[in-house]
Structures are given as structure tokens and as C-alpha cells.
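Below you'll find the structure, written out as C-alpha cells, and then a few comments.
The values are calculated or read from the model by the stated rules, or taken from the named source; none is laboratory data. Because the structure is a prediction, the values reported are computed rather than measured. Positions of Cβ are generated from backbone atoms using ideal geometry, with glycine treated the same way; all protein chains shown enter the neighbour counts.
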Amino acid sequence: MSRLLFIAIIGVTVIAAAIGLNYAPWQSDDVAPPVVTPQAPEPAAKQPQTMKLEPPTFDVVRVNPNGNTVIAGRAMPDSMVINLDNGVEFGRIKADDRGEWVFVPEKPLAPGTHTLRLKMLAGSAAPVMSVEDVVIIVPEAGKDIAGRSGDGHILALKMNPDGSSTVLQKPGGASSTKLSVDSVDYNDDGRLSVSGSSHPNAMVQIYLDNKLIGHARAGDDKGQGHGIWTMNPDDPVKPGLYTLRADQIGTDGKVIHRVEFPFSRAEPTAEIVDDNTIIVQPGNSLWRLARSSYGKGNRYTVIFEANQDQITDPDLIYPGQVFKLPDN
């Protein structure tokens, strides 16, 4: 046998053995599936958190007799604050990185009643309106807010969402009184709202018939020479005649200044004698009288100016008083 033939026989034998191994009886026809390592699920994309937008607020409103105005307040940082006068834009200002803004209109406010409101624009969010309005009454030159000859003092009231008011600027001008109660009001449930002014950051305690009903701390001096405080007791006040007292307390707990006057809480009623005269009934306030007589509570200053011979303080009117109701 030649050498080449011997090599060929060996090669055929090896190939046959390999084929036989592939078809061996112990070899399974099933192929084992590949091992797959489970993969951790991809984290869900984080939804951007919607930032809660606080509405813009008024801090200071100052108007001189010529109608020149300075308005300051707070809003979201870097937002745009649009100032509205009776629903019409009369200027806009951007809040700084702390949310503070000061706006000085180019034109003075014309004589008449102005209702100021704020609209805030922050990014792509929907506009946010202020929840408080400021009502300003600007008299004509040489007249008071009742239209009579006198000094042109301005009245500015901040109208709170609960219907109460905070005096920002008094028609009588600056006062040397260290502590004052500028507004007392209550709703139909008898819940009080009391506001006034005192030394900046002073502590004020409020009493009814010598019973403490709450306390408030005055705000910072916003260029007015005093701070404004507001107090809303938790408990309603029942109908009746009370003595309301406000005490400014020093750091040692002692009373520094005190204001005290009678206060009546009753269902709002009024007796109108004729179109030009009204008799004060228990529970009346100048605000309620103006609302029932003129349709707007902020016109209480008209009654106040027309009856200054009887009213020394707009918050102090008494049952039985007879007030004149000017036509205008």
C-alpha cells in the first residue's frame, strides 16, 4: 500500500468519526437557550415640579396732593409686575432677585377714585392677579375728598380678601400719634378685623372689655414713619357694646402707648330718614353706611367729610347720631 493511499484512508476515518459524534445517541436535539442577564429598568424621567406662584402684594402706596405716586410691593423673584388702574395698565416693573419692586408712574393720578390691582407674569405660567386691591381717592385741587374747599389730602385703603380694610394713607395727613387704630370691621358672623399703625416692629395687644383677644406685630417702616399692624381674632364677637383697647408693649412687657374707645357689634341696620339724612343704628360703621347709601363702601369718606362736626374719628360713630348724606 502506497503511502498516499494510507494517508487518504486515515483522513476518511477521522471525518467519519466526527460525523458519528454529532449523531451520538446521548446528544440532545434541543439547544440550550443563551443565558440572558436581566437588565434594570430605566428610571422614569423626572417630571418637572411646578413651582407654586404666590400672588403679588402691595406694601406701600404713597400719593401726594398733586397725584404723584410711589407704589412698592412683593412678587416672585425676577417676575414682571403689571400695575392696573381701574383695570387699565398704567405701567410695569420687574421684581428683583428677592421679589421686591418699586414703581413710580410717569403721570400723576387724576382726581377721582382709583382701584389699583397687580398682575404678575412669571416665566411661561399663567398670569397671577393680586388678591388685594388698593382704593385711592384723589380730590380735586384745593378741595377735600368730599368736594368742599380744603386741603387735598389723599385716602388710600388696602381692601383685604375677607372684606376688611387696612389704611395705607390717611386723609388727615401725617399724625404724631405713636399708636393708632385705623380700621375696625366685622363680617356677618362677628369675626373682627382690626388694623392700625405704631412704632415699626412693635408688639400690639388688643382687648375687648379688658379681655385679651389677640396680638399683632407691626411691620417695617416703609417710608411712612411707622409700621402697619393687622389682627384677626379667632373667636367671633357676639352682638353688644364693648370697650376696645390697643396696647403697645415694650420689650420689658410694660405698656408704652394705649388707645381705647367704645365699640358696638350688632346686625348691620340703618334708618334712612330721607335721601340726605341717615340715623346711626347699633352695628353701623361708616363703611356699611356708604355701602348702603352709595353702593360702595370706599365712599365712607364722603360721609366722614360732610359730618366732621360730629365725627372726630372715622372708626367712632355711635347709635342715634344723625348724618348728612351728600348727593356727590
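So here's what we get for this one:
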item	result
Verdict on residue 106 being of a type outside the set (Gly, Ala, Ser), farther than 20 Å from residue 220 by Cβ and modelled with pLDDT of 55 or more	yes
Within segment 187-232, strands (runs of 3 or more DSSP E) holding 3 or more residues that are under 28 Å from residue 291 (Cβ atoms) and touching a residue at least 40 places away in the same chain (Cβ under 8 Å)	192-198, 203-208
Any hit, segment 208-218, residues being assigned by TED's automatic domain parsing to the domain that holds residue 254, crowded, with 19+ Cβ neighbours inside 10 Å and under 26 Å from residue 61 (Cβ atoms)	yes
Test: residue in segment 76-89 that is surrounded by fewer than 15 Cβ atoms within 10 Å (Cβ to Cβ), of a type in the set (S, T, N, Q) and at positive phi	yes
Residue within segment 146-166 that is under 30 Å from residue 288 (Cβ atoms) and modelled with pLDDT of 85 or more present	no
Positions within segment 110-130 being among the hydrophobic types (A, V, I, L, M, F, W, C), over 17 Å from residue 77 (Cβ atoms) and modelled with pLDDT of 90 or more, in sequence order	116, 126, 129
